[in-house]
Ligand code: OAD
C-alpha cells in the first residue's frame, strides 16, 4: 500500500510553500539499499562496533584492521544501488532553486542517484587521504581483498587512510559552516534516516528550525528530531519520500 495520510499532506504543504530546502540524511536512507546502519541490529563486523574502529586511535594501533573493515564496507556500498528514497531526494533538488543536501553518509549513493548540490559531512568511503602529504585521491574501483596491506600514497609513499571524519576528529574545512549557514536561511528542512545521536549534524536541523525553518522528519523510529519536528513521517524513506515528491506541484 502506498504511503499516505494527513502527515504527508502537511509535509507536502510545507515543501510547496518553501523557497529553499535543506535535506539532511543519515544511514537509514541507505538501509533499504542493504547497507547496515550504525546503531541497531546488523551493524557489527567481526564483533567490532563502528565506534571501536572509526577512530584515529584504532587506526594508529592497527591500520590493517581498520582498512579491512573499510574494504568490507566499501564493497557493500559498491554492490548496493540507490533506492527510491535517494532518487526522490535527487528529484527534490530539481524543484527548488535554492537547495542543499547535507549527508552524514559516506556510501556515495546520493551521488549515484544524481544528487549534485550536496555536502558529504563525514567524507567519502571512496576516497583516501595521505597521512604524510595530505593528498586526497579516489580509491581504485575494486577494493581488493579485505586483508591486503594498508595502501600507500603513490607520490610520497606515506600511509593512506580513509578520507572520513572519525570519532574525536574535526570536520573537513568549511563543511559545517556551509551547512549551518544554509540551514539558517532555509524555509524548510527535511531530515531522513538519522538517529540524531551524532552532533553537530543533528544540531544543523534544530538550529535551522530555531531560525524559522519548518522541520520535517522521516524515520520509522522516534528520535530527538522527530520529537521536535513540525511533521514526523514515521515510515521508511524509500516509501515516504517518493510519496512526498509525488505530492509536489511540478
Ligand atoms: P544511525 O545508525 O545512528 O541511525 C540510523 C537511523 O535510521 C535510525 O534512527 C533508524 O530508525 C533509521 N532508519 C532505519 N531504517 C530506515 C528507513 N528505511 N528509512 C528511514 N530511516 C530509517 O545512523 P546515523 O544517524 O547516520 O559517522 O549516524 C550518524 C553517524 O554516526 C554516521 O554518519 C557515522 C556514525 O558514527 C561516521 O562514520 C563519522
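In what order do 20, 237, 124 fall by count of nearby beta-carbon atoms within 10 Å, going from fewest to most? All intermediate terms of the calculation are to be shown ahead of the outcome.
Working: 20 17, 237 28, 124 20.
Exposure proxy ranking, most exposed first: 20, 124, 237.
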How far is helix 201-210 tilted, in degrees, relative to the longest principal axis of the Cα atoms in the chain, given as a value from 0 to 90 rounded to the nearest 10? 30
Report, in degrees rounded to the nearest 10, the 0 to 90 angle that the Cα long axis of helix 6-16 makes with the longest principal axis of the chain. 80
On Cα atoms only, tilt of 84-95 relative to the major axis of the chain in degrees: 60
Okay, helix-only estimate at 222 nm for the chain: each DSSP H run of n ≥ 4 adds -39500 (n - 2.57), divide by all residues, round to 500 deg cm²/dmol; what do you get? -10500 deg cm²/dmol
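Rg/Rh for segment 104-250 to two decimals, with Rh computed the Kirkwood way over all alpha-carbon pairs.
Numbers: Rg = 18.1 Å, Rh = 17.5 Å.
With Rg and the Kirkwood Rh in hand, the quotient comes to 1.04.
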When DSSP assigns beta bridges and you keep just the ones with both residues in the chain, what percent turn out antiparallel, to the nearest 5? 30
Sort the following peptides by mean Cβ neighbour count (other Cβ atoms within 10 Å, averaged over residues), highest first: 81-94, 176-189. 81-94, 176-189
Going fewest to most other Cβ atoms within 10 Å around each Cβ, 14, 164, 216 line up as 164, 14, 216
Shape of the chain from its Cα gyration tensor (a ≥ b ≥ c, root eigenvalues): rounded if a/c is under 1.5, otherwise prolate when a/b > b/c, or oblate? prolate
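Hey, fewest Cβ within 10 Å first, where do 227, 152 land in order? Please list the in-between numbers first.
Numbers: 227 10, 152 13.
Lowest to highest Cβ neighbour count: 227, 152.
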Please work out the Kirkwood hydrodynamic radius for segment 103-179, using every pair of different C-alpha atoms, and report it in angstroms with one decimal place. 13.7
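No lab work stands behind these numbers, since they all come straight from the coordinates. Only a predicted model underlies this, so the values are computations on that prediction, with no experimental measurement involved. Note that we place each Cβ from the backbone using ideal geometry, even for glycine, and neighbour counts take in every protein chain shown.
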